[in-house]
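The structure under discussion appears below in the form of structure tokens.
The values are calculated or read from the model by the stated rules, or taken from the named source; none is laboratory data. Owing to the predicted nature of the structure, the values given are computational and were not obtained by experimental measurement. Cβ placement follows ideal geometry from the backbone for every residue including glycine, while neighbour counts extend to all protein chains displayed. Quick note on the areas: whole protein, heavy atoms, side chains included, nothing else; ligands and nucleic acids left out. Shrake-Rupley method; radii C 1.70, N 1.55, O 1.52, S 1.80 Å.
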Amino acid sequence: FGFREVISPNIYKKALWEKSGHWDKYAKDMFEVRGRGATGEKAHTEIGEDEAFGLKPMNCPGHCLLFASETRSYRDLPIRYADFSSLHRNEISGALSGLTRVRRFHQDDGHIFCRPSQIEDEIKQTMAFIDLVYRKIFHLGPYRLVLSTRPENYIGEISEWHSAEEQLKAALDQSGLDWKLNEGDGAFYGPKI
């Protein structure tokens, strides 16, 4: 399906999480890590030793950095990354449950960087990939499809949200599978299935 497997770091500077918007939205669910810091009157701190970091709860910012690490043309798109590295979430103890809500896990995660005109086709291809894995290889199912749309607190242009949501709806409709709408439950940066 054209994904390039990557392994991204487990820890990033707090500044990256702030830039991506994840710190404002998810700080309470992240593990914050501090550098050595200065202690005592004569302590010497190297540059960067007193910084704050966050253990990675999701791969999004790392994949954006990876994508931005090279100059690209629109002709290079789509670019697809797959990542299976560990993620850490500071879940409250009452939310922890078996395999679905844990503090450390590995997620089959992917990000697709594409032109707006490629969204619908990329979603169709991704849904075919999911169907292959769930139904044809592992014989699991049936599974539920839910379209989560723009939340109250979102970033980006409303016109881009409408376009993305319409393309996701079209791909879902063309899949021939049942799906439901979950208004307002999308990620702050985009709708999701």
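Cut-off 13 Å, label point 7 angstrom out along Cα-to-Cβ of residue 135: give me the residues of segment 168-193 whose amide nitrogen falls inside. 174-179, by backbone N distance to the label point.
As a ratio to 2.2 N^0.38 Å, the alpha-carbon radius of gyration for the chain is 1.19. Under a model in which nothing but the beta-carbon of Lys, Arg (+1) and Asp, Glu (-1) is charged, the chain shows a dipole of about 480 debye around its Cα centre. Using a 1.4 Å probe on the protein heavy atoms, what percent of the accessible area of segment 52-193 belongs to carbon and sulfur? Answer for segment 52-193: carbon and sulfur cover 53 percent of the accessible area. Along the axis of the charge dipole computed for the chain (Cβ charges of +1 for Lys and Arg, -1 for Asp and Glu, origin at the Cα centre), the listed residues 153, 170, 55 are led at the positive end by 55.
Efficiency by 1/(1 + (r/R0)^6): what FRET value for residue 121 and residue 68, r their Cβ-Cβ distance, R0 = 35 Å, to the nearest 0.05? Once rounded, the FRET efficiency stands at 0.90.
Note on residue 77 and residue 166: the extension gain reaches 30.0 nm, defined as 0.36 nm multiplied by sequence separation minus the Cα-Cα distance.
Computed with a 1.4 Å probe over protein heavy atoms only, the accessible surface of segment 68-193 comes to 66 Å² per residue. With 21 Å as the limit, the listed pairs 14/192; 28/180; 14/56; 124/169; 13/192; 25/192 have 14/192; 28/180; 13/192 beyond it between alpha carbons.
Using alpha-carbon pairs under 8 Å, 6+ residues apart, how would you state the relative contact order of segment 36-193 in percent? Kindly include the intermediate steps, with their values, before the conclusion.
Numbers: 176 pairs, mean separation 29.9, N = 158.
It comes to 19 percent, rounded to a whole number.
Ranked from highest to lowest mean number of other Cβ atoms within 10 Å per residue, what is the order of the peptides 102-111, 57-66? Please report the intermediate quantities before stating the final value.
On the way: 102-111: 13.4, 57-66: 18.9.
My ranking of the peptides, most packed first, is 57-66, 102-111.
Volume per residue for segment 141-193 equals 62 cubic angstrom (convex hull of Cα atoms). Is the C-alpha gyration tensor of segment 74-142 telling us rounded, prolate or oblate? Criteria: a/c under 1.5 is rounded; beyond that, a/b larger than b/c is prolate, otherwise oblate. The shape class here is oblate.
The ellipsoid that matches the Cα gyration tensor of segment 121-169 has semi-axes, each √(5λ) in whole angstrom, of 28, 12, 7, with the longest given first. Other residues whose C-beta falls under 10 angstrom from the C-beta of residue 14 contribute a net charge of 0, scoring Lys and Arg +1 and Asp and Glu -1.
If a/c stays under 1.5 just call it rounded; otherwise compare a/b with b/c (prolate if a/b is bigger, oblate if not). Do that for segment 83-193, with a ≥ b ≥ c from the square roots of the Cα gyration tensor eigenvalues.
Here segment 83-193 falls in the oblate category.
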